[in-house]
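The values are calculated or read from the model by the stated rules, or taken from the named source; none is laboratory data. The structure presented is a predicted model; accordingly, all values stated were derived computationally and were not measured. Note that we place each Cβ from the backbone using ideal geometry, even for glycine, and neighbour counts take in every protein chain shown. Keep in mind that these areas ignore ligands, DNA and RNA; they rest on the heavy atoms of the full protein, side chains included. Shrake-Rupley method; radii C 1.70, N 1.55, O 1.52, S 1.80 Å.
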Amino acid sequence: ATERPLLSVNNIEVIYDHVILVLKGVSLTVPKGGIVALLGANGAGKTTTLKAISNLLRAERGEVTKGSIELEGEAVDNMTPNDLVKRGVIQVMEGRHCFEHLTVEENLLTGAYTRGGDRAGIQRDLEMVYDYFPRLRERRSSQAGYTSGGEQQMTAIGRALMSRPKVVLLDEPSMGLAPQLVEQIFEIVKRINEQEGVTILLAEQNTNVALRYAKYGYILENGRVVMDGPADKLRENEDVKEFYLGLS
Ligand code: ATP
């Protein structure tokens, strides 16, 4: 028997500014506890897909005009981003997006905003984040805007963890980071997935690294899924090798 997926995106269409059709019927499923990669070139629609799920499109004048999105079998299309965070769906935006004037620790604590007065739990999770990212413990009192790109990416992921997510939508975590640091961050994400049971849906242009950490992948081209399969199968696929793995 197949278990119900944690997240399912069913044939969604997304339009920006009422006329620009960007997603032309995208479907994907994310199993509970999985790491799924959303791959494709710049502009293929990866970020739009993540924002459709976390309902962050409205701020960009975008809307889902067809299809549906379900979390544990329940439609979540009409939930606000805030309600989705409470339900365990959180996005880590591309480009890291820390609050530059707050310290690293204050940034992490903002991630717990939906948890009210759960002080002991929040403190425990802060320690958990520092255990996964020892570098952040060292930098806890530094103003985030003055930390490195890698540290800001770690802060952004740590902040998401502070909301006690079921699924983290991770947009382009490798962006602008040196290969060694990319590897280090993916290693930590994998450990969080395994040890905390946090499901990961990851958008990446770096196909090579994404397919080494994900179990399953979807390739988007021009707003459509053109191929999907287990990560090891995709890595052996001749088209994937030629068009997506050739550069790395
Ligand atoms: P990237 O790596 O740049 O994030 P992507 O695969 O995530 O690429 P999207 O950012 O989802 O792609 O963009 C898909 C298409 O939608 C692109 O053609 C882009 O120009 C267009 N687009 C994105 N945001 C908007 C917007 N707010 N208004 C109009 N068009 C947009």
**Complete:** Taking 0.36 nm per residue of separation between LYS66 and LEU21 and subtracting their Cα-Cα distance, the length gained on full extension comes to 15.1 nm
**Request:** Treat each spin label as a single point 7 Å out from the Cα along the C-beta direction, and report the ASN208 to SER148 distance in nm.
**Result:** 2.0
**Prompt:** Ignoring ligands, DNA and RNA, what accessible area per residue does segment 93-137 give at 1.4 Å, in Å²?
**Reply:** 55
**Asked** Per residue, how many Å² of accessible area does segment 189-248 show with a 1.4 Å probe?
**Response** 53
**Message:** When 1/r is averaged over all different Cα pairs and the result inverted, which Kirkwood radius in Å belongs to the chain?
**Reply:** 18.3
**Prompt:** Counting Lys and Arg as +1 and Asp and Glu as -1, each charge on the Cβ, what is the dipole of the chain about the Cα centre in debye, to the nearest 20?
**Reply:** 400
**Asked** So what's segment 154-218 giving for Cα Rg divided by 2.2 N^0.38 Å, two decimals?
**Response** 1.03
**Accessible area, probe 1.4 Å, largest first, for residues ASP17, ASP125** = ASP17, ASP125
**Complete:** Whole-percent carbon and sulfur contribution to the accessible surface of the chain (1.4 Å, no ligands, DNA or RNA) stands at 48
**Asked** Cα to Cα, under 27 Å, and not fewer than 8 places away if on the same chain: which lysines meet these conditions relative to LYS86?
**Response** LYS32, LYS46, LYS51, LYS66, LYS166, LYS190, LYS215
**Asked** Among THR110, LEU169, LEU56, which residue has its Cα positioned farthest towards the positive end of the charge dipole of the chain, with +1 placed on the Cβ of Lys and Arg, -1 on the Cβ of Asp and Glu, and the dipole taken about the Cα centre?
**Response** THR110
**ARG137-THR110 FRET efficiency (beta carbon distance; Förster radius 22 Å; 0.05 resolution)** = 0.80
**Request:** Kindly write out, for segment 36-44 in residue order, the coupling ³J(HN,Hα) from the Karplus curve 6.51 cos²θ - 1.76 cosθ + 1.60 (θ = phi - 60°), rounded to whole Hz, with x marking Gly and Pro.
**Result:** 10, 9, 10, 10, x, 5, 3, x, 5
**Prompt:** Taking Cα pairs under 8 Å and at least six residues apart, what relative contact order does the chain come out at, in percent?
**Reply:** 27
